[in-house]
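Readers should treat all values here as calculations from the given coordinates under stated rules, not as data from a laboratory. Nothing here was measured: the structure is a model prediction, and the numbers come from that model. All Cβ positions, even for glycine, are placed from backbone atoms using ideal geometry, and neighbour counts span all protein chains on display.
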Amino acid sequence: MFEARCKADVLRTVIDAISTLVDEVKLKVGKDGLSLRAVDAARVAMLDLTLSKGAFVTYKAEDRELGLDVDKLKEVLKLAQSEDEITFTLDEEGNRLVIRIGNLVRRMSLVDTSAMADAQMPKLEFPATIAIPASELERGVRASEAVADHIELRATPQQFELAAAGDTDVVNLALDKKQLTNLRCSENEVRSLFSLDYFGHMVKAAKGASDVTISLRTNYPVKLDFDIAGGNGHVTFLLAPRIESE
Amino acid sequence: MFEARCKADVLRTVIDAISTLVDEVKLKVGKDGLSLRAVDAARVAMLDLTLSKGAFVTYKAEDRELGLDVDKLKEVLKLAQSEDEITFTLDEEGNRLVIRIGNLVRRMSLVDTSAMADAQMPKLEFPATIAIPASELERGVRASEAVADHIELRATPQQFELAAAGDTDVVNLALDKKQLTNLRCSENEVRSLFSLDYFGHMVKAAKGASDVTISLRTNYPVKLDFDIAGGNGHVTFLLAPRIESE
Amino acid sequence: MFEARCKADVLRTVIDAISTLVDEVKLKVGKDGLSLRAVDAARVAMLDLTLSKGAFVTYKAEDRELGLDVDKLKEVLKLAQSEDEITFTLDEEGNRLVIRIGNLVRRMSLVDTSAMADAQMPKLEFPATIAIPASELERGVRASEAVADHIELRATPQQFELAAAGDTDVVNLALDKKQLTNLRCSENEVRSLFSLDYFGHMVKAAKGASDVTISLRTNYPVKLDFDIAGGNGHVTFLLAPRIESE
């Protein structure tokens, strides 16, 4: 049993996050909300997303797993304005998700989840965490994309810096402690290099968030955290570092 | 003699309807307004459009036939804002339509109409007519396009339904009598299947209209009617049914 | 030494003018402002652009020449809103232009200017000058592009006219003295033919200007003049005539 109704905007945020990494996803619904975890095909990046009951206009669910095709959800989204309400109901017999927008009904076949492994979030420890306005980070990423295909993130107890170095040009975005929402760094310096393609998509999925929290450690995965659905949901991205060839 | 002035918006509506079916059209102008009829190359669909004198800011015409190139009219439209006035004059000697927008003049050569047959609107009888908000119908069509290339229209005395069935997913839009502007159905049920490509273009041409009237009969052409130019014009589309292979 | 700050809009206007003709440009900076001159690869068109100190929020410079890559400047522009301020500083040692938008820094390598010749503006005399609203001229150009690849400009003491003749259709824009901001023509008639590709790009670069001044002579280059940056800068384009084959 699953019946939930939300604003189109909430669905949009969720889809933006998922489509960064995968085309199909296993959604776990339960009585207090839903969650999903996805690993990209190259196993370089991971997404963990939770959305509590409070993100919905109405919500009722028993524990279930639903296999969803992300492109089909995008099609549905195009039919709704951001304030429109979308209702999702599970048709257990037909193995379909029934989606209603106004008088319109789309019955969407579910995807087989038997081959989708349950990803485990690794336990990671980070000496540095940085909370930065999403819009600042997004501009830094866009500027970097013009000059390079990888990006370096650095933190010290005083400063956070994003840098991209191409053959001739260099981009960097440096914010000191006062310009950041939060900065904590228990080492003198931490730094890691990441694929800008992955990192850029993750940052763009955070577009609607106010702040993004970056957790960092030298030559170690980066963790991005941000709230969605007005604080009623949360997204965590993990991205493996790119090892610098010398 | 032909001299008429209208808002760019009126021209836009007319072009949207024509370009659904043909690239060239024979326009009949007369003292009370103009009309045109077009059949697509595959002879599956027909358009009948009338625009009375009242749709124009100024209008003076004697009986004439003008062969128009629809793509050229689209080019002209791009030069005008929706509230701009466009003036059309016939240059009989040069066999050209002279189009003025502000100080700008385009002299457009007319297309030879001698090969364009006069299409007759067939006499058709329909047991069901449904008046539905254009925006509802348009959303139903867009949702259907994501899952199938044909669409079924059904009516009963109580309900109108549009349905599209793909390999895995199904879309339908059902409105009962109270949700429709009008519903009349003298049989228990009528239903026909149509090409979504044609039907979709027709419905999108009705974008600016408030209601679209659908006339329906089992395994029979569908007729779509809507007003244009604030009630000073009218569009009728006919579309042959697609025969369901069993 | 070079340090200047301006609104993104000012940079946009400058880039729109330059990118009409060249990908790389030699900018001359001096204590009162900057200037540049560019000739397109086919040597058919020339640009002269000046921007005084007054166009900048802050400006300090010694005489220098800077080689700029226009595409890179376009990338930078995409990172700024029109009211954002952009700061340019010269890094003499690194041979780079350092560009700051908020906390973001892009270090852009300069282009070698040694192979860029100093173009001389030819001395030209024109019997006719016409000042015309930029928006009128731009609409005339867009309408012409639909029918032809060249354009004729004509002036008499009473009228200015732009005309484009294709195989079947003709566009013209005629404004008499009262409709123009200014018209001076000391000959009975002057007329020249120009490539619409070049002329169109030049006219579109004048989009933000109120008036464009056209200087004309029979079978002779045309000169376009318009102010930029609220009168704190000026653009001059020269375009060679296209010789009509008879």
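Relative contact order (percent) for chain A, with alpha-carbon contacts under 8 angstrom and 6 or more residues of separation? Please list the in-between numbers first.
Numbers: 572 pairs, mean separation 50.2, N = 246.
Relative contact order comes out at 20 percent.
How large is the convex hull of the Cα atoms of segment B:2-109 per residue, expressed in Å³ as a whole number? Spell out each step's value before the answer.
Working: hull volume 10.0 nm³, N = 108.
That works out to 92 Å³ per residue.
Classify the protein assembly as shown as rounded, prolate or oblate from the Cα gyration tensor: take a ≥ b ≥ c as the square roots of its eigenvalues, call it rounded if a/c is under 1.5, otherwise prolate when a/b beats b/c and oblate if not.
Values: a/c = 2.78, a/b = 1.00, b/c = 2.77.
It is oblate, given that a/c is not under 1.5 and a/b is not larger than b/c.
Along the Cα→Cβ direction, 7 angstrom out, place labels at residue B:40 and residue A:135. What is the inter-label distance in nm?
4.7
Calculate one ³J(HN,Hα) per residue across segment A:92-102 by plugging θ = phi - 60° into the Karplus curve 6.51 cos²θ - 1.76 cosθ + 1.60, and present them in order as whole Hz with x for glycine and proline.
In residue order, the calculated couplings are 4, 4, x, 6, 10, 9, 9, 10, 10, 10, x Hz.
Can you give the FRET efficiency for residue A:234 and residue B:149, using 1/(1 + (r/R0)^6), R0 = 60 Å, r = Cβ-Cβ distance, to the nearest 0.05? Can you show the working numbers first?
Values: r = 41 Å, r/R0 = 0.68.
After rounding, the FRET efficiency stands at 0.90.
Given R₀ = 22 Å, FRET efficiency for residue A:118-residue A:95 by Cβ-Cβ distance, to 0.05? If you can, show how the numbers build up before the last one.
Values: r = 20 Å, r/R0 = 0.93.
Efficiency computed from Cβ-Cβ geometry: 0.60.
Which one of A:200, A:140, A:54 has the biggest mean-square fluctuation once chain A is modelled by GNM with Cα springs under 10 Å?
Most flexible of the set in this elastic network: A:54.
Across all directions of projection, what mean area in square nanometres is found for the Cα convex hull of chain C? Intermediate results must be reported in sequence, preceding the final value.
Working: hull surface 56.7 nm².
That works out to 14.2 nm², a quarter of the Cα hull's surface.
Where Lys and Arg each count +1 and Asp and Glu each count -1, what net charge lies around residue C:49 among other residues with Cβ under 12 Å from its Cβ?
On the way: positive: C:26, C:28, C:37; negative: C:16, C:48, C:225, C:227.
Taking every other residue near residue C:49 into account, the sum is -1.
How much net charge surrounds residue C:92 when only the other residues with a Cβ under 11 Å from the Cβ of residue C:92 are counted, with Lys and Arg +1 and Asp and Glu -1?
Numbers: positive: C:64, C:96; negative: C:62, C:91, C:93.
Taking every other residue near residue C:92 into account, the sum is -1.
For segment C:161-223, what relative contact order do you get, as a whole percent, if you take Cα pairs closer than 8 Å and at least 6 residues apart?
Relative contact order here is 25 percent.
Which residue, chosen from A:240, C:170, A:126, occupies the Cα position most advanced towards the positive end of the dipole of the protein assembly as shown, where the dipole is computed from +1 (Lys, Arg) and -1 (Asp, Glu) charges on Cβ about the Cα centre?
Result: A:126, furthest along the dipole toward the positive end.
Using helices alone, I'd like the mean residue ellipticity at 222 nm for chain A: each DSSP H run of four-plus residues gives -39500 (n - 2.57), total over residue count, nearest 500. Show your work: numbers first, answer last.
Values: 4 runs with 42 residues, N = 246.
Result for chain A, helices only: -5000 deg cm²/dmol.
Report, in listed order, any pair from C:28/C:60; B:60/B:204; C:178/C:204; B:7/B:74; B:7/B:207 with a Cα-Cα distance greater than 19 Å.
On the way: C:28/C:60 13 Å; B:60/B:204 31 Å; C:178/C:204 24 Å; B:7/B:74 14 Å; B:7/B:207 17 Å.
Table pairs above 19 Å Cα-Cα are B:60/B:204; C:178/C:204.
With a ≥ b ≥ c the root eigenvalues of the C-alpha gyration tensor of segment B:128-239, is it rounded (a/c under 1.5), prolate (a/b larger than b/c) or oblate? Present the calculation step by step, with values, prior to reporting the outcome.
Values: a/c = 1.58, a/b = 1.18, b/c = 1.34.
Note, shape of segment B:128-239 comes out oblate.
Report, in whole Å, the centroid distance computed from the Cα atoms of segment C:172-196 and segment A:36-104.
63
Let me make sure I get this right: for segment C:96-183, a, b and c are the square roots of the gyration tensor eigenvalues over alpha carbons, sorted descending. Under 1.5 in a/c it's rounded, otherwise prolate if a/b > b/c, else oblate. Which is it? Mind dumping the intermediate values first?
Working: a/c = 2.29, a/b = 1.99, b/c = 1.15.
The shape class here is prolate.
Top mean-square fluctuation among A:152, A:189, A:93, Gaussian network model of chain A, C-alpha springs under 10 Å?
Among A:152, A:189, A:93, the largest GNM mean-square fluctuation belongs to A:93.
At R0 = 35 Å, how high is the FRET efficiency between residue A:23 and residue C:57 if r is their beta carbon distance? Nearest 0.05 is fine. Write down the numbers at each step before the final one.
Working: r = 48 Å, r/R0 = 1.37.
So the FRET efficiency works out to roughly 0.15.
For the pair residue B:165 and residue C:184, how long in nm is the line joining their label points, each one 7 Å along Cα→Cβ?
For residue B:165 paired with residue C:184, the spin-label model returns 8.0 nm.
Top mean-square fluctuation among A:83, A:136, A:24, Gaussian network model of chain A, C-alpha springs under 10 Å?
It is A:83.
Give the aspartates and glutamates reachable from residue C:78 as a straight Cα distance under 16 Å; neighbours fewer than 8 places away on the same chain don't count.
Result set, ordered by chain and number: A:136, A:138, A:145, C:9, C:16, C:69.
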